[in-house]
Each structure stands twice: as structure tokens, then as C-alpha cells.
1. May I ask for the distance between the Cα centers of segment 398-418 and segment 353-393, given as a whole number of Å?
2. Using the Cα centre as the reference, give the magnitude of the dipole from point charges on the C-beta atoms of segment 128-199 (Lys, Arg: +1; Asp, Glu: -1; all else neutral), rounded to the nearest 20 debye.
3. So which lysines can Lys188 reach, going by Cα to Cα under 18 Å and dropping same-chain residues fewer than 8 places off?
4. What dipole magnitude, in Debye to the nearest 20, does segment 255-414 give about its Cα centre under +1 on Lys/Arg Cβ and -1 on Asp/Glu Cβ?
5. Would you work out the relative contact order for segment 227-373, in percent, from Cα pairs under 8 angstrom that are 6 or more residues apart?
6. Determine the gain in length on full extension of the stretch Phe422-Ser269; use 0.36 nm per residue of separation and subtract their C-alpha separation, reporting nm with one decimal.
7. Could you tell me how many cubic angstrom of Cα convex hull volume segment 416-496 has per residue?
8. Could you calculate the contour length gain from Gln190 to Asp253, that is, 0.36 nm times the residue separation minus the distance between their Cα atoms, to one decimal place in nm?
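No value in this document is a laboratory result; all are computed from the given coordinates. Please read these numbers as outputs of a predicted model, since none were measured by experiment. Methodologically, a virtual Cβ is constructed for each residue, glycine included, from the backbone with ideal geometry; neighbour enumeration extends over all protein chains shown.
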Amino acid sequence: MSIRTTHIIPAAIFTLLLIWFTFNWTGLSTQSSTPPEVNIKPAEEEPFYDIPTKGRLFGHNGIANLTNPHIQFAKVNIAVSQSDMAEFPLLQILDIKLPASANINIDEISEHNSLELESTVSTTIRIPRLPHTQPDAHEYIFGVATTYDRLLNSLDTFSHWLSNSNTRLIAAMEPSLDLDLPDKVLAKAQSLKIPLGTIDSPYQFLDRYFSLIRVLHDNRSPDTKWYVLIDDDTFFLDLANVVKTFKAKYNPDLPYYIGALTEDFQQMSTWGYMAYGGGGVFLSAPLVEQLLPHWEACYAKRNTGDQRLAECIYQHTNTKFTWEHNLHQLDLHGDQSGFYEALRPQPLSVHHWKSDEFRFHADMYNLSLVSTICGKSCLLQKFKFANGWVLTNGFSLVKHSDVDVRHRDVDKDISMERTWDFYWGGASNIHFEHSVGPIRNPDEGEKISFRMESALKETDGRVRQLYVKRKKKEEGDERPGPGEVEGVVEIEWSMA
């Protein structure tokens, strides 16, 4: 959630709110020496990757706007075999072609009865050996400022990287008019094994965001070395990679201010050189100790939460911003598919994936389900079929036009297709290349794209993904919802 507005609170009101906030924390300790009371249920003995099944393949929470049950349908079965390979290559070549589609009645495919066509193809791929334990993030404490409604909807996605991770999430909440909602949020967090503590605050959003510094510090554990501020649409694809990266690159005994820079240079010219909140803002414990004596002075500033934090650090410490290039704010307006489909290493974090402001929506929960089969490192992994189709696992299935591919080596080209819009007047590719690297212009030919819209984990462990091609809505078509479905490809994942 990204809000860049200014709120003015008179000093007298601020003082009263500060007093109220100090003595009305819910379920959390106000003493630095006491750990937070997160009321988490004991973890049951089960594989850490056993994510709860949610949603449907069709109908509510599944494919929308299925006005005609007769569609073009194709099916691929992929079995995975664990191996000693260290990591996935950027692109894995498959020994099969994406099959031709057949006209079928979608009603023949039940929720738990996949349809096998004569043209269904199957293959087995090698994957790195799956870890037997969840990453140990006990040195991290996470904080988010949000509302109970938004947090309730975010918990399924949070469970992908937070469940059983030996860390904690503390949420500074806008008080809810629904008195039952806080209990629903905590109960759902417990069921997902997310160690959550909530704290009601009358502050505006930007003030609650900045207040997280003190809240997290007052609820730290003796082992806490990193304080992490996130948005409720921050998504870490693999927390193990975050822990591994920070352990290799950053000494937590030194003052560090680490995060994502905006991808949009013109956005940076407005808001400054700082950690933009959606990619995750990481503060080392020594830096937080340096900031605390200046907390009231910094809180009194009236700018945005992440900008206020940057100014506080710059004006009261010698610490400068460290840009971790694999954390992503994703300030890209419109279609962000070029970012996700680029032949690049898996990002540590993504943001703005359910944003009306940036006009882009993806489903990170559905994307994450396949990790129960092939591991978190295979999320967004690229697989190329023998007839040129490229699967970005959990996101899309694409075949670029001959006009596009004749000018580049698809198997090695690391350039990112600029599918997003230029939001600012006078913008060009160079305004983004400082962040995302080489950019190529949009495919001018007949690019065919299927986007993953639905996924389901079956009780036997299989994961079924549905990739959907939709008809583009004509100009002036104001009917709600996406365009009509033109075709569906089901990819079923299983253990070999």
C-alpha cells in the first residue's frame, strides 16, 4: 500500500495521541526487555511447505467472466525429480512442445477431476533438492501499518514466506468498527502459523508507518538484529534467499539502512534517494539505537512515512542508503509483465502486485502454490517449450512474435520488454534502466500471452495452474470485468 500525501496534526492533538498510543497497545509489550505476546499456536508436525488450499479453479475466486463454457483448452503434465543441481538455470529447456488446443466444454473439468486430452503432453524436469526446514529468521522482526480488512486479505500471501519462519510480524492497525474483525485476523494468523501481534492506533497511516520503528524496538527479542518495515502488498518470494543475502553481504553489528530504490528515475527526482517502502526497508539494530533519541523530532515531520524515515536517518546519523538491487518497489504503471517475464534471477521482493493506482493485478498466493512441488526457487522460473513458448512459472505462458525474436537470442537475451506505460511526460527507457537494466521496446508483432489466473493444490499434493488468454476489450467497452476467455492451458505439477 503506497500513500504519498501530507497530513497536518496540531501539536496539542499530537501530544494527546502520543499519550493514548503509549498506554493502549493491544497484546504487545511496552517494555524493551519483554518479548511480544503474539498468541501463536504451537506448530504441528508437518512439512513446512504444506500450504493450505484456498480458492477454486473456476467460478468464485477462479477464472472470471466465463460466459461461454466452450473454450480452446490444452494440457501439460510436469513431474519434478529432486537432484543435486545447485540451482535452476535462468532458462530450462523442455523436451516437449506445447500441444495444440482442442475445443472442449469447461463444465467437463471439475474442481478435482482434471481433463486428459489425447494431445496432453507430459515431461519430467530436474529441480534442486528441496530443503527440509523453513529458513530461520529469528534475527528479523517485521512491521506493517495497515487496516484489519487489508491484513485479513493479505495473510494467505504472507503465509508463503512468514509461516513457521521463527520470526515475528507486528501490525500497527487502524481501529476497526467491526469489533469481531481483530479476533478473526488473529485466528486466521494462528491457523496459518504466522506469529502476529496487532496494535490499535488512532494515527494516520503515514504516522503509524513511522511509529513502527519504536513499536518494533519495544517488542524486539534479545536476538533481533534487523528491523524490517513492509507494506501489506510486499511479497518475499523466498525468505531463505533474503536471510542468505543479508548474511553474506551485510554485518548487522554496523549501522545499515537497506532497501529498494524506485524503478522510475522521475519518481526519484520527486521523492528522493531513499529506500522506497514497498520493497522492504531493512534497518540494522545499531542504526535503530541511533534513531531513537530523535524519534519525536522525526515524527513531527509531515512528509510520507518512508521519506520521513530517510530524512531522519540522513539528518541525525552518518548512515547512507544502501540499495539492495534485488528488492523491488515496482513503480511501473500498467502492465508489469515484462518485469516478471525477463530472463533474470528471481527477485527477493516484489510490490504493487494488487494496485489500482498502478493498474496492475497479479495473485501472489496462487503463484506461490507451485512451490509446494518444485520449491520456492522455481517461482517465476523460465521454461521453454520446443515450439518456442516460454512459461514463467506461476505468472504467464507467452510466445513472442517472429518480428520480435528474429532480432535476439531468446535463450540468452536478458533485456526486459517494456510492457508498462510511461507515466511522466518525456519519459523514456533510460529513466528505468538504472534499476531494471537493459530494456527493449514492446513486441510489435502478434505476441500471444496467457496469464495465470487460477491455481489449486489437490489433497494428493498435485498443483494445477490455469493460464488464460483473453480477448482484448474494444475501446469504449465499459462492461465490468476482464475480456472474454479465448483459451486456457492447464499445467499440472506433481512429484515424480
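1. Each part reduced to its Cα centre gives a spacing of 19 Å.
2. Magnitude of the dipole: close to 280 debye.
3. Within the straight-line limit of under 18 Å, Lys188 reaches these lysines: Lys41, Lys54.
4. About 240 debye.
5. On the way: 236 pairs, mean separation 44.4, N = 147.
Computed over segment 227-373, the figure is 30 percent.
6. On the way: separation 153, 0.36 × 153 = 55.08 nm, distance 1.52 nm.
Once the chain is fully extended between Phe422 and Ser269, it gains 53.6 nm.
7. Values: hull volume 15.8 nm³, N = 81.
So the per-residue hull volume is 195 Å³.
8. 19.4 nm
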